[in-house]
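Peer 1: Just passing along the structure, written as structure tokens.
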Amino acid sequence: VTEPNPFCESWYLLPSLRHLRGNTNVQILQLMMEGQLCGLMPIARSSRYYRYPLPHLTNWQHANMFCGVPLVAKGAETAFWQALLDWIDQHAGTALFLHLRDIPLNGVLYDALKGTLADQKRQFEQVYAEDRALLASQNKPDAYWEASISAKKRKELRRQAKRLGEIGHLECHRAMDATDLTDWCQSFLRLEHAGWKGQAGSALASHEQTKTLFCESLAGAAERGRLERRTITLDGQPIAMLASFLTPPGAFSFKTTFDEQFSKYSPGVLLQQENLGILEHPEIEWTDSCAAADHPMIDHIWRERRAIGRLSIAIGGTARRFAFRQIVRAESKRGHMS
């Protein structure tokens with residue numbers, strides 16, 4: 001594909017649709033060329049645009065999908081966008097515009113989209129953008145760590161690791177297959193739920209749907225060689241855990257958690273130091289943190305950034321495009337709608 005997106009792969013998208021679609025009517029748009037599948041995007045209709053009653057079409061996502069770019073075969077980028085926009089023009093229904101969320105604002109697909117919109121003289125607006133932490137470097141893990149973390153902070157982290165080692169036997173583990181995956185998932189869910197996310201009701205285990213999605217998607221990724229797990233254990237018990245999806249040439253840090261009882265020893269940071277080993281993966285050129293902009297931990301370790309944005313695009317005939325201009329004008333006056 002032109003750009004990887006694990007959240008549109010079958011092993012993640014299908015469990016998402018089974019467990020988190022709710023009452024949303026989701027359609028899977030596919031581009032077929034000479035009998036081959038060359039593009040795919042899940043799309044949904046929404047009656048509200050943030051808190052405003054503005055019906056629109058959007059690429060379908062849920063809270064645990066961190067990239068909204070469609071899967072498109074190399075060489076089919078322009079054909080995909082042309083076909084998508086043509087379909088939407090013909091099947092707009094009550095929708096006033098198309099809203100694309102969590103789209104990388106660079107690369108071949110984005111360039112093809114802008115080129116298609118320009119050729120069609122179709123108005124669009126980038127209504128939001130943020131810079132997400134990205135890991136992309138030719139440096140070795142140790143060199144990257146030294147360049148990112150001050151000598152004073154590295155000394156403090158070594159001291160914390162030493163203190164952890166005095167409490168019990170400290171080990172780092174890496175797994176690339178499905179060995180003990182069911183037990184690993186249950187340990188992750190318990191550890192995350194025991195912390196602030198569990199108290200806030202936002203942990204994966206707080207809801208049966210997200211709990212099931214987590215277990216099924218990791219199993220599907222592992223079956224296809226697309227899962228990497230890293231764990232720090234203390235006397236055999238996990239105190240920091242990370243699940244990443246490998247989608248060459250990129251990777252996505254899907255979920256991480258740590259035991260908050262040991263927070264003064266920074267186990268999450270120690271785990272990210274181990275995770276720099278992905279820099280040596282022969283097929284991975286970059287890793288998306290899947291973290292919000294200005295994340296208090298990962299932004300201080302990963303120095304590169306990936307621009308992610310939301311785009312609103314005019315659709316349909318004259319009346320819809322006139323309405324779109326008014327919506328964009330109102331949004332630009334108020335700032336981002338929320």
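Peer 1: Provide the packing ranking of 267-280, 312-325, i.e. peptides ordered by the mean count of other C-beta atoms within 10 Å per residue, highest first.
Peer 2: Going from most to least packed, we get 267-280, 312-325.
Peer 1: Then there is this: In whole Å and largest first, what semi-axes does the C-alpha gyration tensor of the stretch 181-220 yield when each eigenvalue is scaled by 5 and square-rooted?
Peer 2: Taking √(5λ) for each eigenvalue gives 18, 11, 5 Å, largest first.
Peer 1: Rg/Rh for the stretch 44-178: what does it come to with C-alpha atoms and Rh from Kirkwood?
Peer 2: 1.16
Peer 1: With 10 Å bins from zero, work out the P(r) of the stretch 274-338 over every alpha carbon pair and list the percent per bin.
Peer 2: Spelled out bin by bin, the stretch 274-338 gives 15, 30, 21, 18, 14, 2 percent.
Peer 1: Between beta-carbons, use under 13 Å as the cut-off and find the net charge around K114, counting Lys and Arg +1, Asp and Glu -1.
Peer 2: Summing Lys and Arg as +1 and Asp and Glu as -1 gives -2.
Peer 1: So, for the stretch 134-218, what is the accessible surface per residue at a probe of 1.4 Å, expressed in square angstrom?
Peer 2: 60 Å²
Peer 1: Could you pull the Cα extents of the chain along its three principal axes, largest to smallest, in whole Å?
Peer 2: Reported extents, whole Å, longest axis first: 71, 43, 39.
Peer 1: Could you compute how much accessible surface E166 exposes when probed at 1.4 Å, giving the result in Å² to the nearest 10?
Peer 2: We get 120 Å² for E166.
Peer 1: So, one more: Sort 100-108, 5-13 for me by packing, meaning the mean count of neighbouring Cβ atoms within 10 Å per residue, highest on top.
Peer 2: The densest-packed peptide leads the list: 5-13, 100-108.
Peer 1: Taking the full set of protein chains and a 1.4 angstrom probe, give the accessible area of K140 in square angstrom, rounded to the nearest 10.
Peer 2: For K140, solvent-accessible area is about 130 Å².
Peer 1: Continuing with the same structure: Using Cα pairs closer than 8 Å and at least 6 residues apart in sequence, work out the relative contact order for the chain, in percent.
Peer 2: 25 percent
Peer 1: Just to confirm a number: summing +1 for Lys and Arg and -1 for Asp and Glu over residues other than S217 whose beta-carbon lies under 12 angstrom from that of S217, what do you get?
Peer 2: Spelling it out: positives minus negatives among the neighbours equals +2.
Peer 1: Using only Cα atoms and rounding to the nearest 10 degrees, what angle (0 to 90) does helix 10-20 make with the longest principal axis of the chain?
Peer 2: Around 80 degrees separate the two axes.
Peer 1: May I ask for the angle, rounded to the nearest 10°, between helix 208-223 and the longest principal axis of the chain, with both axes built from Cα atoms and the value confined to 0 to 90°?
Peer 2: 80 degrees
Peer 1: If you take every residue apart from I232 with its C-beta less than 12 Å away from the C-beta of I232, what net charge results, scoring Lys and Arg +1 and Asp and Glu -1?
Peer 2: -1
Peer 1: Taking K152 as the anchor, which lysines have their alpha carbon closer than 27 Å to its alpha carbon, excluding any fewer than eight residues away along the same chain?
Peer 2: K140, K162, K264
Peer 1: If I ignore ligands, DNA and RNA and count only protein heavy atoms, how much of K162 is accessible to a 1.4 Å probe, in Å² to the nearest 10?
Peer 2: Looks like 130 Å² after rounding.
The values are calculated or read from the model by the stated rules, or taken from the named source; none is laboratory data. All of these numbers come straight from a predicted model, not from anything done at the bench. Quick reminder, even Gly has a Cβ in these numbers, built from the backbone with ideal geometry, and neighbours come from all protein chains shown. SASA here: full protein model, heavy atoms, side chains in, ligands and nucleic acids out. Shrake-Rupley method; radii C 1.70, N 1.55, O 1.52, S 1.80 Å.
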